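Here the structure comes first, spelled out in structure tokens, and everything after it is commentary.
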Amino acid sequence: MKTRISTLTPILLSFLISSTAFTQEASVDTVKITNNSKSTSADSGFDQQGYYTFRPDLRKCMSPVCGGFFVKAVNQKLTRCANGRRQAECYVASLSNRKNFDMSSAVLVQGAIKPKTYPEFGNLGIFAVAAAFSSATETIGEQLFVGLENNGIVCITTPCFSVDQYLLNGKKIRAISAIDLEAVGASDELLGEARSIIDSGEVLIASGVNRQTEEVGGKGVAFVAERFYLPIKAEIK
């Protein structure tokens, strides 16, 4: 994780207008020059790869054919399953959870689908969990999944492109001018946790859309979240 100078991130924006995803960045007077929106994950220190939505299989049939988990790569139309086939969603019969995450509230995971053969049933796969996240609300999002990080830029006017936005399961990184979490409908406590993640220089995982904003110094870009996801702490025994 990069070490950043923590600055106050704008949260609630007015004047939100037409929706856009990874549009051209507006120029702005800043203390530090904004980052190039075409940077790759190798330059950032944040691992953008290996993110999947996660849900338990509640079908009532013989294990391990049922009773495992369904995973789907975010921001991708198809997911490569353990048998090598690409499907809308993949079934895995079990988890490798070496860090002992409490998976009861997990809706988003980072890790990898790996092959695993089960006697008499064949290769049903296993998911190796590297990180797990709960949702701030009861449901998981369906829009763009990104990581949001304070990039340390300090501005003398608005818009201020002080947040780096990482496309999950991709390579795109761009600077945006604000984050709007109000549409999520989360409790004040969870909103506080999300803002604390950003203000401390960590990456907040969220799903939503980019919207252009009209501000004092020109056009900005805000990420309007439909959901955000909080990390589940590892409990290694």
The one condition in (1) in contact with a strand residue (DSSP E or B) (Cβ under 6 Å, 6 or more places away or on another chain); (2) modelled with pLDDT under 95; (3) assigned by TED's automatic domain parsing to the domain that holds N75 that T158 fails to fulfil: (3)
Name the pairs: first residue in the range 205-220 and over 21 Å from I173 (Cα atoms), second residue among the β-branched types (V, I, T), Cβ to Cβ under 8 Å, at least 6 apart or on different chains? E214/I17; E215/T158; V216/T157; V216/T158; G217/V28; G217/T157; G217/T158; G218/V28
Complete set of residues in the range 84-101 that are over 9 Å from F127 (Cα atoms) and either touching a Leu at 6+ places or on another chain (Cβ under 6 Å) or assigned to a loop (DSSP other than H, G, I, E, B) (or both): G84, R85, R86, A88, E89, R98, K99, N100, F101
Quick check, is E149 surrounded by 23 or more Cβ atoms within 10 Å (Cβ to Cβ), among the acidic types (D, E) and either over 13 Å from the mean Cα position of the chain (by Cα) or under 26 Å from E235 (Cα atoms) (or both)? yes
Answer yes or no: is there a residue in the range 171-181 that is within 16 Å of V107 (Cβ to Cβ) and in contact with a strand residue (DSSP E or B) (Cβ under 6 Å, 6 or more places away or on another chain). no
(1) buried (at least 18 other Cβ atoms within 10 Å of the Cβ); (2) in contact with an Asp or Glu (Cβ under 7 Å, 6 or more places away or on another chain) all hold for G220 apart from (2)
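The values are calculated or read from the model by the stated rules, or taken from the named source; none is laboratory data. Since the model is a prediction, treat every value here as computed from it, not as a measurement. Note that we place each Cβ from the backbone using ideal geometry, even for glycine, and neighbour counts take in every protein chain shown.
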